[in-house]
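Asks: Here it is, the structure, as C-alpha cells.
Taken together, the values in this text are just the output of simple stated rules run on the coordinates, not laboratory data. All figures in this text were calculated on a predicted structure; none of them were measured in a lab. A quick note on method: Cβ atoms are made from the backbone with ideal geometry, for glycine too, and the neighbour counts reach across all protein chains shown.
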Amino acid sequence: MIDLNKLLTLFIFLFFISCESDIGSETISDNDSEQSGGTFVGGGNSTPSELSVELITKINDQTASFSSPFGGYNRSFIVHVPPNFDPNISSLPLVFILHGYTSTAPIIRNYSNFDSIADQENFIVVYVQGTTDNFSNTGWNVDLLPSFSTVDDVAFFRALISYFKSNYNIADDKIFSAGMSLGGFMSYRLACEVEEINSIGSVTGSMSGYYSCSPPNKKSIIHFHGTADTVVPYNGSDWTRSAISAHNFWSDFSNCENFSEIILPDLNSDGTSSSVKISSDCDDNVIVRLYTLPDEGHTWFKREWGHDLSSSIAIWNFFKSQINED
C-alpha cells in the first residue's frame, strides 16, 4: 500500500528545495571558461583503474573537468590541485565537495571557495557532479528521492577513491567528503558505507529517515544547521533525522564519553549566538560536532554573507585535525 503521508511529505520537500538553490537567495554563475597555457597535472588513467577517465576541459593550470562512464551513466567531476602539485613527492589529502539537489559541481565550487583553501592548505579538492533524473533535476541516491534509486552513487565514489589513490597518490587516512543539503545527505551515506572515508561534513543536510546506517568503522562528523531551515528542518521529520539525532547517532556509535557545548561569538551582531555541541573522548579518537545557527535558513554559511562563521574554513580545519601526521 502506498503511504500517502510519505508521498505528501516528499512532495513538500521537493517543492521547497526546488525553489531554493544550494545557497538560498544568492545567485552564482556556473560558467567556467577554458583557459590556455600550461599543463594540468593529473587526470587520465596513467595507472589503470575501474574508471576510464577523459579530460573534458582544462579550466586553468590547476583545475580541470573530467568525465567517465560508470553504472550506465556518464559521470563527471572537477579536480583542483594546489600549486606545484607533484604526486611523486608526497601524499596529499583528498576532499570531495558535493552539491545539493538541482544544483551542480561548478556552482558549489564557486561559492564554497575550496579552491582557495586547497591552495593555502595543500590538498586536492574534487567537486563531483550528481546524476540528472527524468525530471531534469540533479541529485544523489540517498534513499530519499525515488528518481535516483537506480543510481549506485556509493559504488561510483568507491571507484573515484581507487582512481585518486592510484593516480594522485592519496593515502587512506586522508579522504574526506562534505556537501550542501542533499550533498550533505550523500556525505552521510558515504560515512555509513565507505570505510576509506575518514570524516564527513554536512551543511544543512542530514540522514534520511528511510535509511538504515551501519558504518564500517568510526567516523568524525561535523554538521552545520540553521534552526529556521524550511527545506531540511533542523528538528527533522519522518523523512529526515533531526540535526541532533544525526549527531547523537554518531556520538553513540563511537562511544563518546565527554559532552560539551560552546557558545560562539555573535560576529554578525544580530543579537543571537551560534553554538557548537561537541562529543569527544570517543573510540579511535574521533570527534562529533554540531553547529547550531539560530534563525538561519537553508544556506551555505559564510562570514562575508553575514553569518557567524564560515563553514568551508571550519570543515577543512576539522578534516585537517583528523589527519595522522607521520
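Asks: Which shape class, rounded, prolate or oblate, goes with the range 100-147 when its Cα gyration tensor gives a ≥ b ≥ c as root eigenvalues, a/c under 1.5 marks rounded, and past that a/b bigger than b/c marks prolate?
Replies: prolate
Asks: Here's something else I'd like to know. Using alpha carbon centroids, what distance separates the range 44-123 and the range 184-216, in Å?
Replies: Here the two parts' Cα centres lie 21 Å apart.
Asks: Mind scanning 165/320; 174/219; 219/277; 174/277; 219/320; 218/277 and naming the pairs with a C-alpha gap bigger than 20 Å?
Replies: Flagged as over cut-off: 174/277.
Asks: Sort 147, 103, 65 so that the residue with the fewest other Cβ atoms within 10 Å of its own Cβ comes first and the one with the most comes last.
Replies: With the sparsest Cβ surroundings first, the list reads 147, 65, 103.
Asks: When DSSP assigns beta bridges and you keep just the ones with both residues in the range 36-321, what percent turn out antiparallel, to the nearest 5?
Replies: Taking every DSSP beta bridge within the range 36-321, about 55 percent pair in antiparallel fashion.
Asks: Can you sort 127, 168 so the residue with the fewest Cβ neighbours within 10 Å comes first?
Replies: Listing 127, 168 from fewest to most nearby Cβ atoms yields 168, 127.
Asks: List the relative contact order of the range 36-321 as a percent without decimals, with contacts defined as Cα pairs under 8 Å and 6+ residues apart.
Replies: Reported relative contact order: 13 percent.
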